[in-house]
């Protein structure tokens, strides 16, 4: 039976009204800041699915609140199964389960943050341990670990069930790194020998992993769920671990002023998740960057980061009027909420992508600050990775913005038609005449350009497209 959702009531930091949790078809990712209650939700799921995981009222009831602890699972149809625990003694009771193939009567591979790989093996029933192939288990663990840490060469399991992973230099990996890799390898091996766990639940599998390795872990979680044909549930504080596929669901959790854990959002892995990811990051805009990063198609040949939506609109109009759509073919254009937002996006995306990346900036004060941040602090190459609108003018004069690239008489015509509210007059930018549009004027100018611009108004834009084409192709 596949569960689509569950409701949790009166377990640890969840009390009062039942909290509904949407479950992924394959993978469920519980995200939240520290102390949000992701581990408490994971415990409720594990204890409901495995009667060997004890519910202890003194530890697992909401503190000083009591209650009637329960987890109700709902399938895609009307069928539901409810697990309840006696609030005094912790005895477990299941109602609504089918007579055969009861999904709450199985064994969960449950790896908490304080566990070691040995804890996983010691929880296995004796009859399952007796059927394990230690050679097969070792091979499964090594193959699984190599998906994330290619240097892993061998695994050692001693008579006390202590598990150690060794790299190709014969150095052992730290236990926090081994813990989730062993859990996932064990899940695969149990499925291979016909003894699959009912679910694999892992707290913070991203610990000790670089962001790039965390992205590899996202793919591994999905692979394990497919290999075992059983759900995988994880908790994380990292936005990089989320499988960006329809079979995954991200559930964002947070605590209110009273300390109660609640769901603040849920989404499938293949749709926009900025709302869910925002609580993990100081800068909410970074969540949007990561969200778009996860949806960049494999055939993308480059990413062009611009300051805002007007830059994107100009580029679309200009390439269409000039018949130069090929310049931006298979290129993702990323608006980023200002110059420093563009710099932040560039820093993150360069670390995560292997495609060509170019940043397009105004040459005003914020744009120059963003450019200098990228070149002096983060080693971006000014000649290959950064373009400013001033680069198509002799001497790259300061103050040049996107609007300056349009024919001067064309911009003057707009200013006359729209009136004084659309501009602050004209000024010289180191020899370049510039109509200074107001914020509202710039907004109106975008649509006006789309309606009125002709090829003869776009000489500077044509030169800019030459620059962008050169940078995005990199001489290919």
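Multiply the residue gap between residue 207 and residue 473 by 0.36 nm, knock off their C-alpha separation, and tell me the result in nm, one decimal place.
Contour length minus the Cα-Cα distance gives 92.0 nm.
R0 = 30 Å: FRET efficiency of residue 312 with residue 219, Cβ-based, nearest 0.05? The partial results should precede the final answer.
Numbers: r = 30 Å, r/R0 = 1.01.
E between residue 312 and residue 219, to the nearest 0.05, is 0.50.
Could you list the square roots of 5 times each eigenvalue of the Cα gyration tensor of region 116-232, that is, the equivalent ellipsoid semi-axes, sorted largest first and rounded to whole Å? Please report the intermediate quantities before stating the final value.
Values: eigenvalues 83, 62, 29 Å².
Equivalent-ellipsoid dimensions as semi-axes: 20, 18, 12 Å.
Quick one: of the DSSP bridges fully inside the chain, what percent are antiparallel, nearest 5?
55
Taking neighbour Cβ counts within 10 Å as the exposure measure, how do 455, 8 sort from fewest upward? Working shown, then result.
Working: 455 12, 8 24.
Ranking 455, 8 by Cβ neighbours within 10 Å, fewest first, gives 455, 8.
If we count other beta carbons within 10 Å of each Cβ, what is the order of 167, 158, fewest first?
Fewest to most other Cβ atoms nearby, the residues stand as 158, 167.
With runs of 4+ DSSP H residues as the only contributors, calculate the mean residue ellipticity of the chain at 222 nm using -39,500 (n - 2.57) per run, divided by the residue total and rounded to the nearest 500.
Computed ellipticity for the chain at 222 nm equals -10500 deg cm²/dmol.
Does a label point 7 Å from the Cα of residue 95, set along Cα-to-beta-carbon, have any residues of region 47-64 with amide nitrogen under 15 Å, and which are they?
Those under the cut-off are none; the list is empty.
Order these by the 10 Å Cβ neighbour count, fewest first: 242, 333.
Numbers: 242 27, 333 15.
With the sparsest Cβ surroundings first, the list reads 333, 242.
Rounded to a whole number, what is D in µm²/s for region 296-473 from Stokes-Einstein with the Kirkwood radius over alpha-carbon pairs (37 °C, 0.692 mPa s)?
198
Would you work out the relative contact order for the chain, in percent, from Cα pairs under 8 angstrom that are 6 or more residues apart?
Worked out over the chain, it gives 13 percent.
Roughly how compact is the chain, stated as its Cα Rg over 2.2 N^0.38 Å to two decimals? Walk me through the numbers on the way to the answer.
Details: Rg = 28.0 Å, N = 476, 2.2 N^0.38 = 22.9 Å.
That works out to 1.22 for the chain.
Residue separation times 0.36 nm, minus the C-alpha to C-alpha distance between residue 322 and residue 2: what's the value?
Here the answer is 109.8 nm.
Could you tell me how many degrees, from 0 to 90 and to the nearest 10, lie between the Cα long axis of helix 309-321 and the main elongation axis, the longest principal axis, of the Cα atoms of the chain?
With both axes taken from Cα atoms, the answer is about 60 degrees.
Can you tell me the order of 380-388, 261-269, 399-407 when each peptide is scored by its average per-residue count of other Cβ atoms within 10 angstrom, highest first?
399-407, 261-269, 380-388
Bin width 10 Å, alpha-carbon pairs only: give the P(r) of region 3-280 as whole percents, running from 0 to the bin holding the largest distance.
7, 30, 36, 22, 5, 0
For an R0 of 25 angstrom, estimate the FRET efficiency from the Cβ-Cβ distance between residue 454 and residue 426 and round to the nearest 0.05. Walk me through the intermediate numbers first.
Details: r = 22 Å, r/R0 = 0.88.
That gives a FRET efficiency of 0.70.
Among 309-318, 23-32, what's the highest-first ranking by average C-beta atoms within 10 angstrom per residue?
My ranking of the peptides, most packed first, is 23-32, 309-318.
Quick one: if you stick a label point 7 Å off each Cα along the C-beta vector at residue 329 and residue 466, how many nm between them?
Here the answer is 2.1 nm between the modelled labels.
Obtain the nm distance between the two label points defined at residue 409 and residue 59 by a simple spin-label model: each point lies 7 Å from its Cα along the Cα-to-C-beta direction.
Distance between the two pseudo-spin positions: 8.2 nm.
I need two numbers for region 386-476: Rg to one decimal and Dmax as a whole number, Cα atoms only, in Å.
13.9, 47
Set the Förster distance to 60 Å, then compute FRET efficiency between residue 168 and residue 416 from the Cβ-Cβ distance, nearest 0.05.
Efficiency, rounded to the nearest 0.05: 0.25.
Given the Cα-Cα distance of residue 246 and residue 130 and 0.36 nm per residue of separation, how much length would full extension add, in nm?
38.0 nm
Between residue 383 and residue 348, what is the label-to-label distance in nm when each label sits 7 Å out along the Cα-to-Cβ direction?
3.1
Coordinate-derived values only; no laboratory data. Quantities reported herein were computed from a predicted structural model and do not represent experimental measurements. We place every Cβ from the backbone using ideal geometry, glycine too, and count neighbours over all the protein chains shown.
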